[in-house]
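Have a look at the structure below before the remarks.
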Amino acid sequence: MMKKLYVLPLLLVSLFGCNKKEVIVLDFDVKPEKSSYKVGEAVNFLITGNPDQILFYSGAEGHKYIYKDRTEAQSDQISLEFATNRRYGSDAQQPQSLRLLASQTFAGSYTTAGVNPADWTDITPAFTLSGIQSTDLAYVSSGVVNLTTLTSLGFTLDKTKPIYFAFKYTGTTGTTQPRWWVNKFDIKTTTTDGQVLPVANITTAGFTSVKVLATSPVSWTFGTDNILKYQGGAGTVGSNQVWAISGGLSLTKVQPDTGVALKNMSTRMDNYKNTYTTAGTYTATFVASNVNVYGESKTIKEVQVTIVP
């Protein structure tokens, strides 16, 4: 009887050991078909093994594996460039009809009472505005301006605080009020290692029209064409002071670099092609994994890719 009691646990251990489930060990490798490629030529990556999933980071700007978890970046160069189109009216009759203002003390109240001009600094002199154009398609670049260099205009940037921008429109009844359109508003940060990262653009800046002169008959609009518009008006239109104020923009927050999911367990992939548009040396990264209810097995393969002009 005692002998059976010793044998039974051994049988149970043997039984469970035979039925143990594990993640299938990865068998995966990747290499480019050639040592170098030309700009615009599809790079052919040859894949061996058949992992359940593959995630690909090309190594181009915004798609670097080493920055997949980065949400903040420090920089001494934070640039703004916008583009304007102006039509109708004249400077003599409607002087300084458009100005660009900046604030880091605006309380975020997008109402007539919530806008205190004392919170804002006119930074227009650092930029170029459009002259009167004969067509809607003629936009003039403001130039690329480093926001950290505006101290001579009375604006000292604090990179740790959100920044607000406002396009201030002023028009006086009695003569034609100019029409202003803005189709570009790009803020970028250049990191200490030379990466140029987007902070905001015309669609993400979040402009809101605020009638600082409450009786203003016209508002700023932003439509599906992604153009910020102030239509102005004829001489009979009432006087206007209307601001298009952005959301509070963080100058240190950036989007993590992203990869592309190439496959899942239901497909097989023996190669993958990617095209690079700029010459240089890239570190392409493939993250392969097998995943099931028992766990995950993962491997990371980095491949150097040379792109020549």
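The values are calculated or read from the model by the stated rules, or taken from the named source; none is laboratory data. This one's a predicted model, so the numbers in the text were calculated from it and none came from an experiment. Every residue, glycine as well, gets a Cβ built from its backbone with ideal geometry; the counts of neighbours run over all protein chains shown.
Tabulated data
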quantity	calculated
Of the criteria (1) touching a helix residue (DSSP H, G or I) at 6+ places or on another chain (Cβ under 7 Å); (2) surrounded by fewer than 17 Cβ atoms within 10 Å (Cβ to Cβ), which one K184 fails	(1)
Number of positions in the range 116-133 that are farther than 18 Å from A244 by Cβ and free of Cβ contacts under 8 Å to residues at least 24 places away in the same chain	2
Answer residue from the range 68-99, given it is within 19 Å of K161 (Cα to Cα) and modelled with pLDDT of 95 or more and is surrounded by the fewest Cβ atoms within 10 Å (Cβ to Cβ) among those	S79
Residue, farthest from S90 (Cα to Cα), within the range 218-237, restricted to residues that are more than 25 Å from the chain's Cα centre (by Cα) and surrounded by 15 or more Cβ atoms within 10 Å (Cβ to Cβ)	S219
Matching residues, the range 273-308, being out of contact with any strand residue (DSSP E or B) (no Cβ under 8 Å at 6 or more places or on another chain) and over 13 Å from V43 (Cα atoms)	N292, V293, Y294, G295
Contacts under 7 angstrom Cβ, first residue in the range 283-297 being closer than 18 Å to E61 by Cα, partner of a type in the set (D, E), 6 or more apart	T283/E302; T285/E302
Residue among K188, K168, K159 that alone is touching a residue at least 40 places away in the same chain (Cβ under 8 Å) and either outside the structural domain of G235 (by TED's automatic domain parsing) or within 18 Å of T208 (Cα to Cα) (or both)	K168
Filter result for A284 (closer than 17 Å to Y110 by Cβ and either among the hydrophobic types (A, V, I, L, M, F, W, C) or part of a strand (DSSP E or B) (or both))	no
Any hit, the range 74-89, residues being in contact with a strand residue (DSSP E or B) (Cβ under 7 Å, 6 or more places away or on another chain), of a type in the set (K, R) and closer than 24 Å to Q177 by Cα	yes
Subset of the range 34-63 (residues that are of a type in the set (D, E, K, R) and modelled with pLDDT of 95 or more)	K38, E41
Residue match in the range 272-285 (condition: farther than 30 Å from T156 by Cα, basic (K, R), surrounded by fewer than 17 Cβ atoms within 10 Å (Cβ to Cβ) and not assigned by TED's automatic domain parsing to the domain that holds A107)	yes
Evaluation of T148 against (1) closer than 23 Å to T204 by Cα; (2) outside any helix (DSSP H, G or I) (one fails), failing number	(2)
Whichever residue in the range 81-115 is in contact with a helix residue (DSSP H, G or I) (Cβ under 6 Å, 6 or more places away or on another chain) and in contact (Cβ under 8 Å) with a residue 40 or more places away in the chain and, among such residues, is nearest to T175 (Cα to Cα)	R99
